[in-house]
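The values are calculated or read from the model by the stated rules, or taken from the named source; none is laboratory data. A quick note: this is a predicted structure, and the numbers were derived from the prediction, not measured. No Cβ is skipped: glycine too gets one built from the backbone with ideal geometry, and neighbour counts run over all protein chains shown.
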Amino acid sequence: MSGIRRRLLALRTPLLCGVLILIALNAASGSVFAQRTMMVQASFNPTPTEQGVYVVVSGRVFDFDNVSLSNAVISIEVISPQGTSIHVAIAYTDLRGVFEDTFYMVQSSPAGNYTAFLTAEKPGYESAHLTLKFVYSTPDFSLGLSSEALTIQQGQTASLTLTVLSLRGFNDAVNLTSINEPSGVIVQFSPNSLVPSGSTIVNVHVSFMAASGNYTFELLGVSGSLTRKATLQLRIEPGPLQSGLAILSVIVIVSVIILAVRSRKSRRRREQIIDEFLTQSTADTGYVATARVLARLEELRAMNKVDESTYQRLRKDYERRLEKDKD
C-alpha cells in the first residue's frame with residue numbers, strides 16, 4: 001500500500017503544478033484583455049429652412065489619452081417633447097474619430113425640448129454614453145416700430161415704419177391692422193399685408209374733431225392663428241385751426257355781449273324818448289298841437305328813435321285825434 005501511495009503522490013505533483021500555472025495564465029490574460037475607457041463628445045447644429053429645420057448631430061470619439069478612435073459605432077435616438085422617438089440612426093467614426101448624422105424637422109413639429117441619446121461602442125472599450133438636448137420653437141414673426149410715440153396736432157398726419165421680422169423661417173403673409181385707436185384717428189398701412197421679413201409705412205391722421213390728450217393703441221400683425229402686436233403712444237395737441245376757432249369763438253361771444261349791451265341801451269333810450277314824446281303830446285292840445293306831435297313822430301321815425309310798431313300805433317292814435325280836433 002505504501003508503494004501505491006507513493007506513486008499517487010508522484011502523479012498529483014505535476015497536476016497541481018499545471019493547475020497553478022493555468023490560474024496564473026488566466027490572471028495574466030485577465031489583465032491583458034481588460035476593457036479600456038472610451039469617451040464621446042457631440043453637439044446639435046440646427047439650421048432653419050423654408051420648410052423646417054435641418055439638424056446635424058456631429059461629434060468625436062477618443063480614449064483616455066485623447067487619442068481619436070476610428071471605426072467606433074455610434075447609436076443615435078432622438079426623442080420628441082411628447083416622449084416619442086422621431087429619429088434613429090447608426091453612425092461610424094472616421095480615421096479622425098469624427099462622426100456625423102443628419103435629420104429633418106418640419107415646421108409643424110411640436111415646440112419644446114428634444115433629447116438625443118448617443119452610445120459609442122468598440123471592441124476592447126467600455127461603452128460611452130452621452131445625452132444631448134436642444135429646444136425647438138415653431139416659426140414665428142415679430143413687430144417692431146421705428147418710434148413708439150407720436151405727437152400730432154389736430155388736422156395733421158404723421159408717419160412711422162413698422163417692421164415685420166421673420167423668426168425661424170416664417171414665410172407666411174401677415175395682415176396688418178390697428179385696434180383701440182381714439183375717435184377721430186385714422187391709421188393706414190402701406191402695404192397692409194406682407195411676407196416677412198419686410199417693412200410697411202404707417203400713416204396716422206388726426207382729424208380736427210379729435211379730442212386733445214394722451215392715448216395708447218395697438219398695431220396688430222395677424223397670420224393664421226398667430227397674432228403679434230406693437231403698442232403706440234399718441235399725443236394729440238390742438239392744431240392751428242383749432243386755436244383760431246377758439247379765438248374766433250371768444251371774439252364772437254364778446255361781440256354778442258357788446259351788441260346785447262348796446263341793444264339794451266338803445267331800447268332804454270327809445271323808451272325814454274317815447275316817454276318824453278308822450279308827455280309833451282299830452283300837454284299840447286288842439287289841432288295845431290296835434291299836427292306838431294305827428295311831425296315830431298315822423299322825425300323820431302326818421303332818426304330811428306322809435307320802433308315801427310310803436311310808430312304805427314301812435315300815428316293812428318294822433319291821426320284820429322287830429323280828425324277829432326278838426327271837427
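Some observations on this one:
Yes/no matrix, rows are residues, columns are (1) closer than 30 Å to residue 70 by Cα; (2) not in a strand (DSSP E or B):
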{"site": "89", "(1), (2)": "yes, no"}
{"site": "95", "(1), (2)": "yes, yes"}
{"site": "113", "(1), (2)": "no, no"}
{"site": "117", "(1), (2)": "yes, no"}
{"site": "123", "(1), (2)": "yes, yes"}
{"site": "129", "(1), (2)": "yes, no"}
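- Scan of the stretch 135-162 for residues that are of a type outside the set (A, V, I, L, M, F, W, C) and within 10 Å of residue 230 (Cβ to Cβ), ordered by number: 142, 144, 148
- Inspection of the stretch 280-299 identifies at least one residue that is over 30 Å from residue 150 (Cα atoms), among the charged types (D, E, K, R) and at pLDDT below 65.
- Where a residue in the stretch 102-127 is touching a residue at least 40 places away in the same chain (Cβ under 8 Å) and β-branched (Val, Ile, Thr) and its partner, wherever it lies, is surrounded by 16 or more Cβ atoms within 10 Å (Cβ to Cβ) and assigned to a strand (DSSP E or B), with Cβ under 7 Å and at least six apart: 102/55; 106/52
- Single match in 183, 159 (criterion: part of a loop (DSSP other than H, G, I, E, B) and hydroxyl-bearing (Ser, Thr, Tyr)): 183
- Checked against the criterion of being closer than 30 Å to residue 105 by Cβ and out of contact with any Cys (no Cβ under 6 Å at 6 or more places or on another chain), the candidates 213, 169 yield just one match: 169.
- Flag if residue 306 is in contact with a helix residue (DSSP H, G or I) (Cβ under 6 Å, 6 or more places away or on another chain), at pLDDT 70 or above and surrounded by 15 or more Cβ atoms within 10 Å (Cβ to Cβ): yes
- Criterion applied to 123, 191 was being out of contact with any helix residue (DSSP H, G or I) (no Cβ under 9 Å at 6 or more places or on another chain), exposed (fewer than 15 other Cβ atoms within 10 Å of the Cβ), of a type outside the set (S, T, N, Q) and under 30 Å from residue 63 (Cα atoms), and the one residue passing it is 123.
- For the residues 145, 130, 118, the requirement of being assigned by TED's automatic domain parsing to the domain that holds residue 204 and either surrounded by 14 or more Cβ atoms within 10 Å (Cβ to Cβ) or modelled with pLDDT of 95 or more (or both) singles out 145.
- When the criteria are applied in full, residue 159 fails the requirement of being without any contact (Cβ under 8 Å) to a residue 12 or more places away in the chain and over 13 Å from the mean Cα position of the chain (by Cα).
- Qualifying residue in the stretch 133-142 (condition: modelled with pLDDT of 95 or more, over 30 Å from residue 91 (Cα atoms), outside any loop (DSSP other than H, G, I, E, B) and of a type in the set (A, V, I, L, M, F, W, C)): no
- Taking (1) over 27 Å from residue 34 (Cβ atoms); (2) touching a residue at least 60 places away in the same chain (Cβ under 8 Å); (3) surrounded by fewer than 16 Cβ atoms within 10 Å (Cβ to Cβ) in turn, residue 85 satisfies each apart from (2).
- Subset of the stretch 49-70 that is under 15 Å from residue 101 (Cα atoms) and either of a type in the set (S, T, N, Q) or out of contact with any Asp or Glu (no Cβ under 6 Å at 6 or more places or on another chain) (or both) - its residue that is modelled with the lowest pLDDT: 53
- Hits in the stretch 167-216 (condition: aromatic (Phe, Trp, Tyr) and out of contact with any strand residue (DSSP E or B) (no Cβ under 7 Å at 6 or more places or on another chain)): 208
- Checklist (1) part of a loop (DSSP other than H, G, I, E, B); (2) within 15 Å of the chain's Cα centre (by Cα) applied to residue 172, failing item: (2)
- Pair list, Cβ under 6 Å, 6 or more apart: the stretch 297-319 residue outside any helix (DSSP H, G or I), other residue among the hydrophobic types (A, V, I, L, M, F, W, C): 305/273; 306/300
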